[in-house]
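Single-structure report; data block below.
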Amino acid sequence: MARPALAILGKDLRQRVRDRSAFLVAVVAPLTLALVFGMTLSGVSSDDLELSFGVVDLDGGVVATGFTDEVLAGLERDGLATLTVVRTVGEGRRLAADGDVAATFVLPAGLSEAVGAGRPARIEVIGDVDQPIGVLVARSIADTFAAELEATQVAVGAALAAGATGPVDALAGRARELAPPIVIEDATATKKQLDPVTFYSASMAVFFLFFTVQFGLSTLLDERRQGTLGRLLVAPVSRRAILLGKALTSIVMGLASMTVLVVATSLIVGAEWGSPAGVALLVAAGVLAATALSALVISFARTPEQAGNFQSIVALVFGLLGGVFFPIAAIGGWLERVSLATPHAWFLRGLGDLAGGAGPGAVLGAVAAILAFAAVFGALAVARSARLVEP
Amino acid sequence: MSAAPVLVCTGLVKRFGDLVAVDGVGFEISPGETYGLLGPNGAGKTTTISMVCGLLERDDGDVVVAGRPLTTTSVEAKAAIGYVPQEIAVYPDLTGRENLRFFSRLYGMAPAAATERIGEALEVVGLADRADDLAGEYSGGMKRRLNIAIGLLHRPRLLVLDEPTVGVDPQSRNAILEGVEALAGGGIAVLYTTHYMEEAERLCDRIGIIDAGVIRAEGTRRELVALVGERDRVRLAGSGDLASVATACGALPGVEAASVRDGAVDLIVEGARGLLPELLRVAAESGGLVDGVDVHEPDLESVFLHLTGKALRD
Ligand SMILES: Nc1ncnc2c1ncn2[C@@H]1O[C@H](COP(=O)(O)OP(=O)(O)OP(=O)(O)O)[C@@H](O)[C@H]1O
Ligand SMILES: [Mg+2]
């Protein structure tokens, strides 16, 4: 079975290399969109974004005031955002719920004191489900502020230690012991988040993966139309070997496209995919799920055009539900729960688990979920596979 | 024939809904023999071939190729078959050579042997100098020749050609026919379908005349023509009410079949010479203006007309 399958794989890859549309879908489109989305969202300076934020200052201390007066008021001065100051968390929540603001920052009581004492503290972000981009921006503002505070705190810690004239590595050790001063707590998100550039690099890659794999299996319908399927069926080759060869083409196309995208987005826009082994596991599982879904979908098609349409509809719906166009996980609620019915969401969740330097073990849950999709789609596709190799 | 037949098929039946496209077809082909299936459009030639090659599920009947029973799921038995489909089936985005290379891999040929066979196949069909152009850029006739080259690449014991010369210029057609003759001379069994009587007469050792899914007669050309007996084919060319002419002439004693084709009335007539004046008189009376008369010795066309009452191509 392997030899004819490999012959088909080799022939198909040669054809795909000559076919510009495969390259467009597999590489150019996802890369372009990742760049556009990533660029737009990674800077708050985009002119098109009209954002409004709420802020609740329950702290009243120097850190909270600094955040409100320097960071947020600064955005307002620059015409990038409008700011509404409210008194209670309830009010802030209402603002976000009503859509009056994209997100409300909650600066909890004791924030300044905690930061001063080198203890962890929290800034909450309460987001509006309907303004995902605004929520994303709010999160990155809070992130940036936290990072700056941390740097300051480390410097202070180092200065203190210098007073004690310790050796250099002891200083470094002290600095490391200091707790990160602020933990961004997102009232709506349960998961760690990817930065916008990485998020869109990954989401566009996985979104287009579900289009790319069609360049393998669905060519069975092209072969039927051009008569060559008949030739394959008359050759001394089992029908299973033909299916295997086509499935291998899908898998190789998917793997190649994902590899190119991971490398290219890392190099060009600085996407941070995380542990290579973890990413490889997620990619492999994702490619299998996409191939199995593709096989299932095209088993309902009679013509190449139908196959293309069905495939596009399914890939689009799964992509939308799976949150590839905005980080559903950052918003939470029922949308996030629905999104978990897609391999896309698990793929992005797996990358979220890798964010911040976790090892490949962190993705095993997500990989298992994606493989479960692959198994279910695959079993259904195998049950219907005879239709794919009818003359 | 003494050698064991390469193909034995019996009682083949294929239904498409209510239509019985093939209804109990059976024949044998020995090594070195060329067997022709001669029949008009829709006779069931392609459907028969599809069952013989294990492409189409059959509703009844058996196929044995090179001693092995063959079904759609057979793998080994199919290795003996070379298949040239009626519709051109090549990869337009691969070159001629790449097309052949792919099929050589699919048939499990060793690379070195494949290279040699690819060269030979390209020579046989006269495509050697265009082998490295994309098949999509070939002319219709060149695509057809590549279509054939793929079928004979692996030196099959049974070569199945489904109307391989349709739409080919006379020169290419002649080259193709010569190629088939050479292959049969080399011991290959050939199954050849056509609705060109001349091709069947030239190539085929034995011919099955198929119509409406049934083989109406089978034998060598001589045997088939003998079925018509002393009957000649008379062709009355002209204008006017040819349909009435056919009806009136068909009613005359001694006239066995009458049909209208291409501005002429074709008749199968016993003792044609004696009956000619009578035929012309009846033709004139029934409104026909006859301006040419041909009397043919019996040929396969006459046989078909005799057996089915209609012309091979209408
Ligand atoms: N897949 C199909 N579904 C329904 N009917 C079919 C199918 N294939 C063939 N037929 C019918 O079966 C009959 C025989 O068709 P077939 O193609 O075998 O004829 P043929 O002798 O090869 O004709 P031609 O000389 O035009 O190629 C025709 O009436 C055709 O319409
Ligand atoms: Mg046909």
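Every read-out reported here was derived from the displayed coordinates using simple, explicitly stated rules and does not represent laboratory data. Quick caveat, the model's predicted, so the values are computed rather than measured. Backbone-built Cβ (ideal geometry, glycine too); neighbour counts: all protein chains shown.
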Per residue of B:99-112, count partner chain C-beta atoms within 10 Å of its C-beta, then hand back the mean as an integer. 4
Pairs of alpha carbons in the stretch A:288-391 whose separation is greater than 23 Å (percent): 35
Please sort A:273-279, B:202-208, B:42-48 by packing, taking for each peptide the average over its residues of neighbouring beta carbons within 10 angstrom, highest first. B:42-48, B:202-208, A:273-279
Between A:Asp100 and A:Asp69, Cβ-based FRET efficiency (R0 22 Å, step 0.05) works out to 0.55
Backbone N under 13 Å from the B:Ala110 label point (7 Å along Cα→Cβ), restricted to the stretch B:126-159: none
Modelling each spin label as a point 7 Å along the Cα-to-Cβ direction, I'd like the A:Val317/B:Glu278 distance in nm, to one decimal. 7.6
Could I get the Rg over Rh figure for the stretch B:231-297? Both from C-alpha atoms, Rh via Kirkwood, rounded to two places. 0.90
Please give the Cα centre distance for the stretch A:104-118 versus the stretch B:77-99, rounded to the nearest Å. 75
Rounded D (µm²/s) - the protein assembly as shown, Kirkwood Rh over Cα pairs, Stokes-Einstein at 37 °C, 0.692 mPa s: 105
What distance in nm lies between label points placed 7 Å from Cα along the C-beta direction at B:Ala251 and B:Thr220? 4.3
In terms of the Cα gyration tensor, with a ≥ b ≥ c the square roots of its eigenvalues, is chain B rounded because a/c is under 1.5, prolate because a/b exceeds b/c, or oblate? prolate
Going by amide H atoms built from the backbone, whose H comes under 5 Å of the H on A:Val101, apart from near neighbours? A:Ala96
What dipole magnitude, in Debye to the nearest 20, does the protein assembly as shown give about its Cα centre under +1 on Lys/Arg Cβ and -1 on Asp/Glu Cβ? 1740
A:Val260 paired with A:Leu24, simple spin-label distance in nm, labels 7 Å along Cα-to-beta-carbon: 1.4
Provide a whole-number value for the mean count of partner chain Cβ atoms within 10 Å of the Cβ atoms in peptide A:232-243. 6
Would you mind checking the radius of gyration and Dmax of the stretch B:113-232 based on alpha-carbon positions, in Å? 16.4, 55
Give me the distance between the Cα centres of the stretch A:318-391 and the stretch B:30-53, rounded to whole Å. 51
Would any residue of the stretch A:215-241 have its amide N under 20 Å from a label point 7 Å out along Cα→Cβ of B:Glu87? List them or say none. A:217-235
Provide the percentage of antiparallel DSSP beta bridges, counting only those with both residues in the protein assembly as shown; round to the nearest 5. 60
